[in-house]
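All remarks here apply to the structure that follows.
The values are calculated or read from the model by the stated rules, or taken from the named source; none is laboratory data. In this text, all values refer to a predicted model and were calculated from it rather than measured experimentally. Note that we place each Cβ from the backbone using ideal geometry, even for glycine, and neighbour counts take in every protein chain shown.
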Amino acid sequence: MTQDATPPTSNLQPPTSNLQLPTSSLRWWGWGTLDQSYDLSHRPNFWPLVHDRLGVSGEVVSPPIEFDTIPLPDSHLPHPDLSDLRRIFGEEAVRVDRLSRVVHAYGKSFRDLIRIRRGEVTHPPDAVVYPTDEAQIVALFVLAAQKHWHIIPFGGGSSVTGGLEPFAPRDALRINQPTITLDFARLNRVVSIDQTSHTATVQCGMLGPDLEAALNASGFTLGHFPQSFEFSTLGGWIATRSAGQTSIGYGKIEEMVERMRLISPRGAIDIKPLPASATGPNLLQLLVGSEGAFGVITEATLRIKPLPAARDYRGMLFHSFADGVDAIRELMQREIGVVMARLSDSNETGASLALSRAPTTRSARLRLRAGQWLIGRRGYDFASSCLMVIGTEGETDRVEKIKKAALEACQSHGGTNLGSSVGRSWLRERYALPYLRDDLLDRGIMIDTLETATTWSNLLDLYGALTRALEDAIAATGSKPFVMTHVSHAYHDGASLYTTFLGAQASDPIAQWWSVKRAATEAIMAQDGALSHHHGIGRDHAAWLAREHGELGLEAFRALKATFDPDGLLNRGVMNLDTD
Ligand SMILES: Cc1cc2nc3c(=O)[nH]c(=O)nc-3n(C[C@H](O)[C@H](O)[C@H](O)COP(=O)(O)OP(=O)(O)OC[C@H]3O[C@@H](n4cnc5c(N)ncnc54)[C@H](O)[C@@H]3O)c2cc1C
């Protein structure tokens, strides 16, 4: 990433305030902060690849609208109600300015970004409030029940499933019902660290980097590094059952949570901190993944690990995706101990190569050519080979042993070792790619990602069916498809697939996206994949939830919703749980 001297949108007006909130430094139309962008210098092969695959020119054809020209509807909140909110949260922590309302109108899915870039912000929240304690949240629930407000819990705002969108009323009676977004940016402290049990109690609004820095200072790590790490929060991770890049070693977020506190409109639930229990169904796990529809997760106690003394990340190249899949399965089923094994298919490997930096010195160029020649001599064809980035962390001796065993396992499936420079470059760039999405959107490209999971015996069939469905659906919209996938998280019995799809945008990119998304989701469901492995359900996957869990399963979820939130105050539309 680079530091941008001049942000692309010059008329961004941060609200004047003494209370420092992250909103004013964010790219309201895209990913991350205003001073960062994806550094495309020294990557000469990227735009030619995009041109070749998608047939687009690389010219900027659809930049975001100027901020001041977004036709934002006025807040529906009458003045006395605003005063009530200010009494609860304090003057500074109730925001109705344009920027706050725009930044909180959507998450970060393709559909969200297209609408915001076009200035289509038809249902922004009427106010954004920033609690500092649970009493304020409870007071808001009381007021909301009296006044029929909707409430949307908001962490980092990185939802990619429509999890944050204010309810767009279809019925005239509800049209003026205000929506209040509850942003947890000020609930951002580590409450305590238990050095004996290796747990940390943390408030829900802590962003990834702040949380890791605080744990690292005490010699620990959570080990949760989603690609959205820099702009997502603990509460959001738990609410969506998130997975970090090293989930093989550290687990998914649901495995890290030992205890949590949830404030619902009916009252609080505080799960006891226990390593395990046999006390009926697992209440904690019924709340993890509830996407803000049952209540607000205010804090959680997390299992943490000592900071690793050593790390080894390196690249391996395989002749085919199937060979790489077999290698990961062996790594998992023999419990070799890697923390990450991320295998790209040949399309994604080609895109990664096109994004690698061109060497700038003569000796680096010579080294690169020699390396390529050597790999060619070993019989690997760059057009069809598949890259795996494999990571090991822990005590130094253990890392050495695991590395050796992992290399042997990979080599037995035709893998060749590309060395640790590939691993270092992956670590350096692991959070940068989302910035590139904004450059692609500028150039009129549809780009989105989706994910699923299945058993090893079904993985390649699901991969094939999903890829075909996406390619056919994109082609049916008149665009050349480019679809690429990696195995992102792996388990003893199966793995998750993470797919990126691209095509030139059609005249109605949202209708185009829906037709592609529907085809992909239908393919996943037909092939018995998970409706989601880690992005959650939100509003975008809600229509398929009954097929995932059965009608009775959905009815059980709805009964829980009615128990915790009988007036339907929270996150209406998420997971299809509202019955009125
Ligand atoms: C570029 C990019 C990369 C991503 N990479 C990954 C990845 O590697 N792994 C992964 O798992 N996901 C990933 N995601 C998806 C997203 O980051 C995750 O879903 C993340 O967990 C959301 O956290 P957040 O704090 O941004 O939550 P938000 O987006 O603010 O909220 C998500 C949902 O949770 C609810 N919610 C938020 N906080 C609370 C709370 N305290 N209590 C109750 N409900 C709450 C919201 O109402 C919403 O429905 C990515 C998204 C983007 C845009």
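Per-residue answers, yes or no, for (1) within 21 Å of the chain's Cα centre (by Cα); (2) closer than 21 Å to S346 by Cβ:
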| residue | (1), (2) |
| --- | --- |
| A432 | yes, no |
| Y435 | yes, no |
| G444 | no, no |
| S457 | no, no |
| L460 | no, yes |
| Y463 | yes, yes |
| L466 | yes, yes |
Original post:
Within region 189-210, how many residues are surrounded by 19 or more Cβ atoms within 10 Å (Cβ to Cβ) and either in a loop (DSSP other than H, G, I, E, B) or near the ligand (Cβ under 10 Å from one of its atoms) (or both)?
Top reply: 6
Original post:
In region 276-293, is there at least one residue being touching a residue at least 12 places away in the same chain (Cβ under 8 Å), surrounded by 13 or more Cβ atoms within 10 Å (Cβ to Cβ) and out of contact with any helix residue (DSSP H, G or I) (no Cβ under 9 Å at 6 or more places or on another chain)?
Top reply: yes
Subject >> Subset of region 211-247 [under 27 Å from L283 (Cβ atoms), of a type in the set (A, V, I, L, M) and more than 8 Å from the ligand (Cβ to nearest atom)] >> reply: L211, L215, L222
Original post:
Of all the helices (runs of 4 or more DSSP H) wholly in region 379-484, which have at least 3 residues that are within 16 Å of the ligand (Cβ to nearest atom)?
Top reply: 420-429, 433-442
Original post:
Which residues, counting only those in region 1-54, are within 22 Å of R115 (Cβ to Cβ), modelled with pLDDT under 75 and not in a loop (DSSP other than H, G, I, E, B)?
Top reply: P22, T23
Original post:
Only one of L569, L531, L560 is under 21 Å from S159 (Cβ atoms) and within 22 Å of the chain's Cα centre (by Cα); which?
Top reply: L531
Original post:
Would a scan of region 367-375 turn up a residue that is surrounded by 14 or more Cβ atoms within 10 Å (Cβ to Cβ) and away from the ligand (no atom under 16 Å from the Cβ)?
Top reply: yes
Subject >> Number of the condition not met by S159 [criteria: (1) more than 22 Å from D270 (Cα to Cα); (2) within 16 Å of the ligand (Cβ to nearest atom); (3) surrounded by fewer than 24 Cβ atoms within 10 Å (Cβ to Cβ)] >> reply: (3)
Original post:
What pairs can you find where one residue is in region 393-406 and of a type in the set (G, A, S), the other is part of a helix (DSSP H, G or I), and their Cβ atoms are less than 8 Å apart, with a gap of 6+ or different chains?
Top reply: G394/I402; A406/L331
Subject >> Test: E254 is crowded, with 23+ Cβ neighbours inside 10 Å, under 22 Å from the mean Cα position of the chain (by Cα), among the acidic types (D, E) and within 13 Å of the ligand (Cβ to nearest atom) >> reply: no
Subject >> Among the candidates L274, L262, residue that is within 12 Å of the ligand (Cβ to nearest atom), over 23 Å from Y491 (Cα atoms) and modelled with pLDDT of 95 or more >> reply: L262
